[in-house]
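One structure below.
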Amino acid sequence: MKEISAFDVIGPLMIGPSSSHTAGAQRIALLARKLFKGEPKKARFVLYGSFAETYRGHGTDRALVAGILGFQSHDERIGRSFSCAAEAGLEVEFAFDTENRDVHPNTADIFLWGKNGETLWVRGVSPGGGRAEIRGIDGVAITLSGDYHTILVEHEDAPGMVAHIAGKLSENRINIAFMRLYREAKGAKAYTIIEADEEIPKAVLHAIEDHRGVAGAMLIQDM
């Protein structure tokens, strides 16, 4: 169980009126940006529940665009993120769903398209206090917070894959705090998420990728 610090109670250093609707939204989008393998040229946001109802007053829309641009929660450019997106050549659009009650009220779906044909669909939730969780990637249900130094590995659901990933971390003396496996179906696409206590060198990432069953791996740190 993760301990809650005084910082968690007080809230994040942020620009905007709401830790959940502004800083949390920014963090969802920043995680999505870190998960995206290319340079985004278009982002589509689908907002649910209270995100959809109060997005303009709480700056949720500007915070989401800022996260895709890579801005941190305290970046003064958040207030003009739409103009920053236009300058960067990033097309953005929004859609709203206030009827679906089967999702957390602070939920956003983010669809990204890259300049070289890359695509990504991420579902994120802002549970409060400026925190964020990724609950889905391309239709696969996962849980990813970005609170630790994290590796996300996309791979085949096949025998030996988890042992390969854990072995490379062990060889480099990386202590695993949490390790979780998610998959579409038996033998289909799978994701392994490893959260570590210390910074993970990129050499470990490359070692994990050096396997025919691994489609890709990425580091998520310095959030």
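Please identify which residues in segment 71-96 have an amide N closer than 12 Å to a label point set 7 Å out from the Cα of E39, following the Cα→Cβ vector.
88-90
Fully extended, how many nm does the chain gain between A185 and V103 (0.36 nm per residue separation, minus their Cα-Cα distance)?
Value of the extension gain: 27.3 nm.
Using the number of other C-beta atoms within 10 angstrom as an exposure proxy, rank T98, T107 with the fewest first.
T98, T107
Which links in K115/K168; K41/K202; K34/K168; K115/K186; K34/K186 stretch past 29 Å when you go from one Cα to the other?
K115/K168; K115/K186
From the phi of every residue in segment 162-170, what ³J(HN,Hα) in whole Hz does the Karplus formula 6.51 cos²θ - 1.76 cosθ + 1.60 yield, where θ is phi - 60° and glycine or proline is x?
5, 4, 4, 5, 5, x, 5, 5, 5
Pick from A32, A196, A132: which is most flexible by mean-square fluctuation in a GNM of the chain where alpha carbon atoms under 10 Å apart are linked?
Among A32, A196, A132, the largest GNM mean-square fluctuation belongs to A196.
Run the quick spin-label model on R80 and N172: label points 7 Å from Cα toward the beta carbon, then report their separation in nm to one decimal.
4.0
In whole Å, what are the Cα extents of segment 149-220 along the three principal axes, biggest one first?
Taking the Cα atoms of segment 149-220, the three principal extents are 32, 21, 18 Å.
When T22, T119 are ordered from fewest to most other Cβ atoms inside 10 Å of their Cβ, what list results?
The fewest-first ordering by Cβ neighbours comes to T119, T22.
Cα gyration tensor of segment 6-144, axes a ≥ b ≥ c as square roots of the eigenvalues: rounded (a/c below 1.5), prolate (a/b > b/c) or oblate?
The shape class here is rounded.
Using Cα pairs closer than 8 Å and at least 6 residues apart in sequence, work out the relative contact order for segment 12-150, in percent.
It rounds to 33 percent for segment 12-150.
Calculate how steeply helix 24-35 sits against the longest principal axis of the alpha-carbon atoms of the chain, using the helix alpha-carbon long axis, and give the answer as 0 to 90 degrees to the nearest 10.
40
Exactly which trypsin sites (Lys or Arg not before Pro) in segment 72-123 are in a DSSP loop and have at most 15 other Cβ atoms within 10 Å?
Those satisfying the criteria are R101, K115.
Collect residues whose amide H, placed 1.01 Å from N in the peptide plane, falls under 5 Å from the amide H of G136; neighbours closer than 5 in sequence don't count.
For G136, whose amide H was placed from the backbone, the distant partners under 5 Å are R123, I142.
What FRET efficiency comes out for the pair F96/H206, r = Cβ-Cβ distance, R0 = 45 Å, nearest 0.05?
After rounding to 0.05, the efficiency reads 0.65.
Restricting attention to segment 139-193, which trypsin sites (Lys or Arg not before Pro) occupy a DSSP loop and are surrounded by at most 10 other Cβ atoms within 10 Å?
R173, K186
Determine, for S50, S170, the number of other Cβ atoms within 10 Å of each Cβ, and report the residues in order from fewest to most.
S170, S50
Which whole number of Å³ per residue matches the convex hull of the alpha-carbon atoms in segment 180-223?
Per residue, the Cα convex hull of segment 180-223 comes to 83 Å³.
Only the coordinates and a few stated rules stand behind these numbers; no lab work does. Computed from a prediction, not measured in an experiment: that's the story for all the values here. Methodologically, a virtual Cβ is constructed for each residue, glycine included, from the backbone with ideal geometry; neighbour enumeration extends over all protein chains shown.
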